[in-house]
Structure formats: structure tokens, C-alpha cells
Amino acid sequence: MSSPASRPAPPALLPWLDSLRCPHCGDPLALTERTLRCPHRHSFDLARSGYLPLLAGTSPTSGDDDAMARARDSFLATGAYAPLREAITQTAPAGVCRILDIGGGTGYYLAGLLDERVDAHGLGVDTSVRALRFAARAHERAAAASWDVFARFPLADGSADLVLDVFAPRNPEEFARVLAPGGHLLVVRPAPDHLAQLRTAVPGMVGLDPRKEERLAQALDPLFSTVRTTEVRFGLALDALTARDLVAMTPSARHVDEQALHTLLTGDSEVTVSVLVSLHRRR
Ligand SMILES: C[S@@+](CC[C@H](N)C(=O)[O-])C[C@H]1O[C@@H](n2cnc3c(N)ncnc32)[C@H](O)[C@@H]1O
């Protein structure tokens, strides 16, 4: 077996090399074996698991912990959110080649899209190391990198055709900067009654901000025009384990005690998934 140092860089990273920029000085990066270096000798070693750490020494402002990322992986592996994955794939414009998945988590939605777009390649970005380990092997045409969505992205202007943002934090200015002219942003967020039954059953689950849509429109409007918004709505029958994973993969995990979850979610339940999927075009 080859040692990590002698293993070649993941082929999925190669299409992104010309677009990547040093997070310290903004200069281009060149790859030698498993290290990217800029002309000022700032260097970034690929992680053993294959993702590219580009956090540049700053602590990320937010990100999922190990348990949340594992719960997300287990939950998504059940196929419970397959209708949403399908809706995302249907909504993405034809002909997109370079797809940036912001706060991409385990890479589930990006992988679904790449399955359908055989000429496209993806880059999943996150701050969660555990999520990045999943994302680095989510698809043969998906690379993974760590950076903070709230900082300047280590990417050249116009490097992507599509930015995906699925239940993830947003930075509209950077989305617009790294999108090519005419590029698109696809945003997925919960509708007001998303998982309402679960929110009732589990006290302490984080509520949804009723002004979320208004604030999203305000943030996007100067930079993007909305092409369309659709609601994806379906009922989901959950066994107790899957319901617990569904709570444990959300920010509510930090507010709900795991032992309490075992007591509250013991049998099968039925929940309504209700999310908004919108497509926006860079102005
Ligand atoms: C709710 S999860 C969604 C994950 C994935 N898009 C999905 O739907 O399966 C939000 C993701 O955003 C990531 N995240 C949170 N804060 C971030 C930040 N400041 N920069 C980059 N990613 C961040 C989390 O680690 C997490 O993986």
C-alpha cells in the first residue's frame, strides 16, 4: 500500500488548480506532489483524506462537529432526502461545468448533480473536518477544500458556473465575485413548516426565523435576479434512529440532550419536509 505522501493528488482537484488562490496573498498556487505553493512560499498540504486545507490559520466562525457530520451522513444514506436531491439536480441550469458547493457537508447533493452532469466537476467547501473527509470521497469528480464562507474565497474571479448553497451559510458578495458572468446561484433553505412535527416533539429544537425569506431577498437582490423558486414538499416516515439522526445533524444538536432524544423519539413518526429551492442569476 502507498503511503499518504506518495499518493498522487486527487484527480478531481486538477480542474480547479488554475482558479485556486493563496488565502494569504491572493497569488496563484502550483501543485507539487501533494503540496500547493504560491510564489511567496505559502504552502498547503493535502490532508490524508484528500481535502485541501485553505483556512489560512484563521479559526472558522462556524461549522459542524464530528457527531453532526456523522449523523448527516447516516441520515442522507437512508435516501430520505432523495426527492430534494432530485429537485436540486432538476433546478440546476443545463451546461454548467464548474460547480462550487458551499457548506457542502458530506457532498451528498453535489454528488447527485455530478452523476447527472457527466462533463461537470465540483468543489465542496466546508469548515468541518469530518464533513470534508466524507466530501473528499463523495464523487470521483468532486474535490473538497476547507475555507470559511464568511472570509474572502481563495478563488479567482469568475471561477464557477454554479454556486450551490444547501442549508448552508451564505456570502452573496463572494458568490457573485467567483461566479462567471451569467453564472447561477442555487439556494435551498427550510420553509416555515419544515419538520414542524419534529419541532413540536422535541423541545429545544432551533426554531425558524419567520423573516428569513425577506432577509434572503434583501441580501441577494443587489447582486442576483431570481429565476424561479419552487417548494419541495413531501411526507417522510421515520424510524426512531433516523429521526434522531435528523435532529442530531442540525444546529439543534447543540441544544438538545442526546439522552433526552432517546426518550423522546422511541417509535416511528411522520414528518413533513418542506423546503424552498431557488435559482438566481448573477446580475
Ligand atoms: C446544515 S449543514 C448543510 C450541509 C450540506 N449542504 C447538506 O445539506 O447536506 C451546513 C454546513 O455548513 C458548514 N458551515 C458552517 N459554517 C461554515 C462556514 N463559516 N464556512 C464554511 N462552511 C460552514 C457546516 O460545517 C455544515 O457542513
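Would a scan of the range 83-103 turn up a residue that is near the ligand (Cβ under 9 Å from one of its atoms) and farther than 21 Å from Thr250 by Cα?
Checked the range 83-103: no residue is near the ligand (Cβ under 9 Å from one of its atoms) and farther than 21 Å from Thr250 by Cα.
When you go through Asp45, Asp27, Asp65 one by one, which is the residue that is in contact with a Pro (Cβ under 7 Å, 6 or more places away or on another chain) and surrounded by fewer than 19 Cβ atoms within 10 Å (Cβ to Cβ)?
Numbers: Asp45 fails: in contact with a Pro (Cβ under 7 Å, 6 or more places away or on another chain); Asp65 fails: in contact with a Pro (Cβ under 7 Å, 6 or more places away or on another chain).
Just one listed residue meets the conditions, Asp27.
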Every residue from the range 23-78 that is under 23 Å from Val178 (Cβ atoms) and within 12 Å of the ligand (Cβ to nearest atom): Leu54, Leu55, Thr58, Ser59, Pro60, Thr61, Ser62, Gly63, Asp64
Residue check, Ala136 more than 11 Å from the ligand (Cβ to nearest atom), hydrophobic (A, V, I, L, M, F, W, C) and under 23 Å from Ser278 (Cα atoms): no
The range 242-270 residues that are farther than 22 Å from Phe167 by Cα, paired with ones that are assigned to a loop (DSSP other than H, G, I, E, B) (beta carbon under 6 Å, 6 or more apart): Leu264/Val202; Asp268/Asp239
Selection within the range 144-172 - of a type outside the set (Asp, Glu), away from the ligand (no atom under 14 Å from the Cβ) and surrounded by fewer than 19 Cβ atoms within 10 Å (Cβ to Cβ): Ala156, Gly158
Hits in the range 56-84 (condition: in contact (Cβ under 8 Å) with a residue 60 or more places away in the chain, part of a loop (DSSP other than H, G, I, E, B) and within 21 Å of Val166 (Cα to Cα)): Pro60, Thr61, Ser62, Gly63, Asp64, Asp65, Thr78, Ala80, Tyr81
Evaluation of Gly204 against (1) at pLDDT below 90; (2) surrounded by 13 or more Cβ atoms within 10 Å (Cβ to Cβ); (3) over 27 Å from Ala237 (Cβ atoms) (one fails), failing number: (3)
Residue tally, condition within 16 Å of the ligand (Cβ to nearest atom), within 17 Å of Ser252 (Cβ to Cβ), modelled with pLDDT of 90 or more and not aliphatic (A, V, I, L, M), over the range 173-201: 3
Complete set of residues in the range 226-241 that are of a type in the set (Gly, Ala, Ser) and either surrounded by fewer than 14 Cβ atoms within 10 Å (Cβ to Cβ) or touching a residue at least 60 places away in the same chain (Cβ under 8 Å) (or both): Gly235, Ala237
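The values are calculated or read from the model by the stated rules, or taken from the named source; none is laboratory data. As the structure is a prediction and not an experimental result, all values here were calculated from the model. Heads up, the Cβs are rebuilt from the backbone with ideal geometry, glycines too, and the neighbour counts pull from every protein chain shown.
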